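Structure first, then comments.
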Amino acid sequence: MSRSFSAVVLAGERPGGSDFSRELGLAASVLVDVAGQSALARVIDALEASEAVSGGVLCGPATEVYQNNGEFGELLAESSFKWMAPAAGPSASALAAIEQLDSIPTLLTAGDHALLTPELVDFFCCRAQELDADVVVGLVPYSIVKAAFPESKRTVLKLRDGSWCGSNLFAILTPAGKAGPTFWQRLEADRKRPWRMAQRIGYGLLIRYLLGWVTMDSGLKSMSRAMGCKVGYVLIDNPRAAVDVDSVADRDLAEKILLSDQS
């Protein structure tokens, strides 16, 4: 596989940090130690070792956090990634990073995806490029996540033909795909006005979802119309892809998984 993707690693936080980072006394939550290495270091290592990715940017944390914590500079000094300040929100940050890279296709992931591996990255990127789509999301069947980690609480998308967890893996495959983060940026701006969010998504889709009528295919078609670009998905049959580390419980789970690999 050629190194055709640039990557964006999102590591921004709310002003003042997250509850998680404050609880652990961290400058940024992506610095949480997971089995002897920070979550962010694990993400960067996975991307560097993949066959699909050739460098990219770390978007976040905020300038003062980045400048006052040497670990970020040390990590990036040994990588092909550069830092840039985040924008106001994850979608705006993703869009700003894509524009700065000026390179398509682009892989988007999160700095707390501590269980990310080069194999997961390459699988997702390879399958994404096989699709006729502008934006691609990685989805994990909830059934395998629940079977593997019954104690873990994950956000679940419940559709008529199955239930799915996110993987924090997204691909922008064409210039038209930038409509994806642009759309979500508008949703984030409307988060205090639910009626506006519903209007953007489409009342019909929301009603069908609440009634349990939406399938994966029909939902993607509706979202494609709302976003103004073609949305596809990659099925990832690896429960670890659904685990990010944004709580102490998630950190403990990820650490348990990684330590079991070493035993």
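The values are calculated or read from the model by the stated rules, or taken from the named source; none is laboratory data. What you are looking at is a predicted structure, and each value in this text was computed from that prediction instead of being measured. Glycine gets a Cβ as well: all are built from the backbone with ideal geometry, and neighbour counts include every protein chain shown.
In the range 129-147, which residues are under 15 Å from residue 244 (Cα atoms) and of a type in the set (Gly, Ala, Ser)?
138
Only one of (1) within 25 Å of residue 91 (Cβ to Cβ); (2) in a helix (DSSP H, G or I); (3) without any contact (Cβ under 8 Å) to a residue 12 or more places away in the chain is not met by residue 74, so which one is it?
(1)
Within the range 219-253, how many residues turn out to be in a helix (DSSP H, G or I), closer than 22 Å to residue 137 by Cα, among the hydrophobic types (A, V, I, L, M, F, W, C) and under 19 Å from the mean Cα position of the chain (by Cα)?
Looking only at that region, the number is 5.
Quick check on my filter: what residues within the range 215-232 are closer than 21 Å to residue 91 by Cα and small (Gly, Ala, Ser)?
Across the range 215-232, the qualifying residues are 219, 222, 224, 226, 228, 232.
Would you be able to tell me the number of residues in the range 98-154 that are buried (at least 17 other Cβ atoms within 10 Å of the Cβ), in contact with a Ser or Thr (Cβ under 6 Å, 6 or more places away or on another chain), over 13 Å from residue 167 (Cα atoms) and not hydroxyl-bearing (Ser, Thr, Tyr)?
4
From the list 87, 41, 92, 133, pick out the single residue that is at pLDDT 95 or above and either under 18 Å from residue 12 (Cα atoms) or not in a loop (DSSP other than H, G, I, E, B) (or both).
Within the list 87, 41, 92, 133, the selection yields 41.
Which members of the range 44-79 meet the condition of being surrounded by 13 or more Cβ atoms within 10 Å (Cβ to Cβ) and of a type in the set (Val, Ile, Thr)?
Taking the range 44-79 first, the residues surrounded by 13 or more Cβ atoms within 10 Å (Cβ to Cβ) are 44-62, 65-66, 69, 71-72, 75-76, 79.
Within the range 44-79, 44, 53, 57, 65 meet the criteria.
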